[in-house]
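The structure appears below as structure tokens.
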Amino acid sequence: MDRQTRLIERIRAVAPELSTDVLEFRRPDLVFMDVEKDVLVALLTRLRNEGGFTHLVLLTAVDWIEDKVFQLTYLIHNPEEGVDLGARVKLDRDLPVMRSLHHLWPTAATYQRELKEMFGIDFPGSPRLDRPLILEGWEGPPPYRRDFDTLRYAEETYFPRPGRSTIDPEAHMRERRYPDNGGGNDQA
Amino acid sequence: MIRLDGHRDRSKFPPREGDGFQVDLDSEKFVKIWHGPNHPGITGNMSLELTISGDEVVDATTHVGYLHRGFEKLMERRRYIQCFPIVCRICVPEPDFNEYCFAAAVEELAGVEVPDSALWLRTLVLEMARLTSYLMWLGGQAGAFGMGVIGQWLTYHRDLVLDRFEELTGGRIYHMYILPGGVRNRLPEGFDQRMLAVLRGIEDVMADVDQALFHNAVFRKRAEGLGVIPRDWVDPYGITGPNARAAGAARDVRRDMPYLKYPELEFEPVIHHQSDAFGRADLRRRDLLLTVDLIRQILSRMPRSGSFMARLPNVLHWQVPPGETYVRSECTRGEYGYYLVSDGSGYPRRVNVRGPSYTHAIALLEKLLPGTNIADVAGLAVSLHTYPPEIER
């Protein structure tokens, strides 16, 4: 039996109510599926306890700003079969709240802390959720959202800085090489 | 490990856990200190906020954020080919795993077929990176227990491997060698002989290290029993790589989910059943020797001719079809993976880097530290093999 069949069997055994049409195979050992927000934690609990998906590989978010949703991707791994399952949940971008998973995997608390900081997604009850993980003293919108403009932020924050002057390289070199000509270009 | 039970009269110590346990800094029984951001325990900058009672850690919190450059966000504003020189910066001592994972994820979404020769060269470069990283780590672990000279021996041999990287890729630290579609170069003339000479030197020095470190009474006494990871923590705490294999979990991405040319190589993952700092060091020593063996196998089997780069469309206008994927590899510290989402434009929609330090250095380290003697904190932190930049990509 190949990995793809085994993966389908595993999911069927745990969640017989799921139709196999929702499974989007990327590779024989990697499948993605969309899951409703309310059933996700229950489904992951069953997949972890009965389906052998014991390893939380990652938890991350994708900002689909044009659809006004955040996509959360929970990637779980079954070490026995060597297969991965990515469960995708769509959250309302205006009120992004999701149930916490830290009771299943303690490491999920770290991922959730980062998502709160970087995307502003709330996970009520997750430990130390409001303590900054990376951005100490950050005031402003969550920076990994698509509408956060990194270029504008850098220009506003770092330029102009006292003591720093901007030089036009062409005029500067002309000034240095042809000082007698008043900075004019005498090559022409 | 300095045994805490050695403090037999504990009447002057506050309780360590249970109902009476409460960190009250005004009681003058506790001191809070900052261990870091620069300290011998970590390659890079990462702080440990320790609450100490006497010489014993009662509470620990990991603080990261000293190296944040926002790589994932930077990549959203760059074309795929422009991302490729960025990804290697995410992990300084072993950049090649980043290059491989990113390249493999883009190739999978774009449907690019990589030439056979390039797959062999990628396998070789990944194993060479593993070798340099292990040599550096072993020196760091010895240094954390006060044996700096072992680090000097190993740094010398690591430099010789970096010389081989330099002649192959042009770079010593950041190689920028594996790019979407293949690799940048084939092996230079006479590379095999020089690489094999370096491997012989490494085997010689490892015999010395075995005597000087693994049979050293001080190292044994301090490392044995330090930072024990039980087998049943492996899944809840997301432990991968040598840390999991030392705990008895036979997991190695190279064997379990084969990629590149690993199915054609003969090897068995190294497993250990002593899940403390000593066991992990011993496992990494054997893994290092396995890597030496793998490099020999690769050099003897790889084809010397053929294309090493697939034909790509104009990379400055390259639009990758929409989709998402996750690609992983076994790096020196565990599972390294890239989750890549494309929306069909010329820029990646989202790149997420899954580094093993993310789980090892925060949740696991905070769990392991309480009860440790303060002199062993650096040794314990090294034994988990953490590189902070991949935590805060």
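Entry remark, segment A:5-48: residues being over 23 Å from B:Gly323 (Cα atoms) and either more than 14 Å from chain B (Cβ to nearest Cβ) or hydroxyl-bearing (Ser, Thr, Tyr) (or both) number 15 in total.
Going by the conditions given, is B:Val292 modelled with pLDDT of 95 or more and either more than 11 Å from every other protein chain (Cβ to nearest Cβ) or out of contact with any Asp or Glu (no Cβ under 6 Å at 6 or more places or on another chain) (or both)?
Working: modelled with pLDDT of 95 or more: yes; either more than 11 Å from every other protein chain (Cβ to nearest Cβ) or out of contact with any Asp or Glu (no Cβ under 6 Å at 6 or more places or on another chain) (or both): yes.
Criteria met by B:Val292.
Annotation note: of B:Glu330, B:Glu335, B:Glu366, B:Glu324, the sole residue that is among the acidic types (Asp, Glu), closer than 15 Å to A:Val62 by Cβ and surrounded by 17 or more Cβ atoms within 10 Å (Cβ to Cβ) is B:Glu324. Quick check on segment B:295-326: of everything there that is touching an Asp or Glu at 6+ places or on another chain (Cβ under 7 Å) and of a type in the set (A, V, I, L, M, F, W, C), which residue is nearest to B:Arg349 (Cα to Cα)? Looking at the filtered set, the residue picked out is B:Ala310. Restricting segment B:381-393 to residues that are away from chain A (no Cβ under 11 Å) and either under 27 Å from B:Glu108 (Cα atoms) or surrounded by fewer than 24 Cβ atoms within 10 Å (Cβ to Cβ) (or both) leaves a set whose member that is farthest from the chain's Cα centre (by Cα) is B:Pro389. Step by step: first the residues of segment A:120-138, then only those that are over 16 Å from A:Leu59 (Cα atoms) and of a type in the set (D, E, K, R), then the one that is farthest from the other protein chains (Cβ to nearest Cβ). Which residue is that? Out of the qualifying residues, it is A:Asp130.
When B:Asn352 is tested against the conditions (1) polar (S, T, N, Q); (2) outside any strand (DSSP E or B); (3) at pLDDT 90 or above, the lone failure is (2). Among the residues of segment B:45-63, those that are under 17 Å from B:Ser357 (Cβ atoms) and within 14 Å of another protein chain (Cβ to nearest Cβ) comprise B:Asn45, B:Met46, B:Ser47, B:Ala60, B:Thr61, B:Thr62, B:His63. Flag not set for A:Ala109, criterion: of a type outside the set (Asp, Glu), exposed (fewer than 12 other Cβ atoms within 10 Å of the Cβ) and within 14 Å of chain B (Cβ to nearest Cβ). Among the residues that make up segment B:148-164, is at least one of them buried (at least 18 other Cβ atoms within 10 Å of the Cβ), touching a residue at least 60 places away in the same chain (Cβ under 8 Å), under 22 Å from B:Asp204 (Cβ atoms) and hydrophobic (A, V, I, L, M, F, W, C)? Yes, some residue in segment B:148-164 is buried (at least 18 other Cβ atoms within 10 Å of the Cβ), touching a residue at least 60 places away in the same chain (Cβ under 8 Å), under 22 Å from B:Asp204 (Cβ atoms) and hydrophobic (A, V, I, L, M, F, W, C).
To keep it simple, each residue is scored yes or no on (1) modelled with pLDDT of 90 or more; (2) within 25 Å of B:Leu109 (Cα to Cα); (3) aromatic (Phe, Trp, Tyr).
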site	(1), (2), (3)
A:Leu7	no, yes, no
A:Val14	no, no, no
A:Leu44	yes, no, no
A:Glu66	yes, yes, no
A:Thr110	yes, no, no
A:Arg113	yes, no, no
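For segment B:239-258, give me each residue that is of a type outside the set (A, V, I, L, M, F, W, C) and facing another protein chain (nearest Cβ under 10 Å).
Filtering segment B:239-258 for residues of a type outside the set (A, V, I, L, M, F, W, C) gives B:240-243, B:245, B:248, B:251-252, B:254-256, B:258.
Answer for segment B:239-258, where residues must be of a type outside the set (A, V, I, L, M, F, W, C) and facing another protein chain (nearest Cβ under 10 Å): B:Thr240, B:Arg251, B:Arg255, B:Asp256, B:Pro258.
Scanning segment B:64-84 for residues that are farther than 21 Å from A:Ala154 by Cα and either surrounded by fewer than 20 Cβ atoms within 10 Å (Cβ to Cβ) or away from chain A (no Cβ under 12 Å) (or both) yields B:Tyr80, B:Ile81, B:Phe84.
Considering only residues of segment B:349-361 that are more than 19 Å from B:Val253 (Cβ to Cβ) and surrounded by fewer than 24 Cβ atoms within 10 Å (Cβ to Cβ), which is nearest to the other protein chains (Cβ to nearest Cβ)? If you could, list the steps in order and put the result at the bottom.
Step one: list which residues in segment B:349-361 are more than 19 Å from B:Val253 (Cβ to Cβ), which gives B:349-351, B:361.
Subsequent filtering for residues that are surrounded by fewer than 24 Cβ atoms within 10 Å (Cβ to Cβ) retains B:349-350.
Values: B:Arg349: 6, B:Arg350: 4 Å.
Filtering first and then ranking leaves B:Arg350.
Each residue in segment A:60-82 was checked for being more than 9 Å from every other protein chain (Cβ to nearest Cβ) and buried (at least 19 other Cβ atoms within 10 Å of the Cβ), and 5 pass. Just one residue in the set B:Leu196, B:Leu226, B:Leu179 is more than 13 Å from chain A (Cβ to nearest Cβ), farther than 17 Å from B:Gly279 by Cβ and either crowded, with 18+ Cβ neighbours inside 10 Å or among the β-branched types (Val, Ile, Thr) (or both); that residue is B:Leu179.
B:Phe267 meets the conditions (1) free of Cβ contacts under 8 Å to residues at least 40 places away in the same chain; (2) within 28 Å of B:Ala361 (Cα to Cα); (3) outside any helix (DSSP H, G or I) in every case but one. The failed one is (2).
A:Ser19 meets the conditions (1) small (Gly, Ala, Ser); (2) crowded, with 16+ Cβ neighbours inside 10 Å; (3) on the phi < 0 side of the Ramachandran plot in every case but one. The failed one is (2).
The values are calculated or read from the model by the stated rules, or taken from the named source; none is laboratory data. Just so we're clear, the structure is a prediction, and the values are computed from it rather than from any experiment. Don't worry about glycine lacking a Cβ; one is built from the backbone with ideal geometry, like all the others, and counts go over all protein chains shown.
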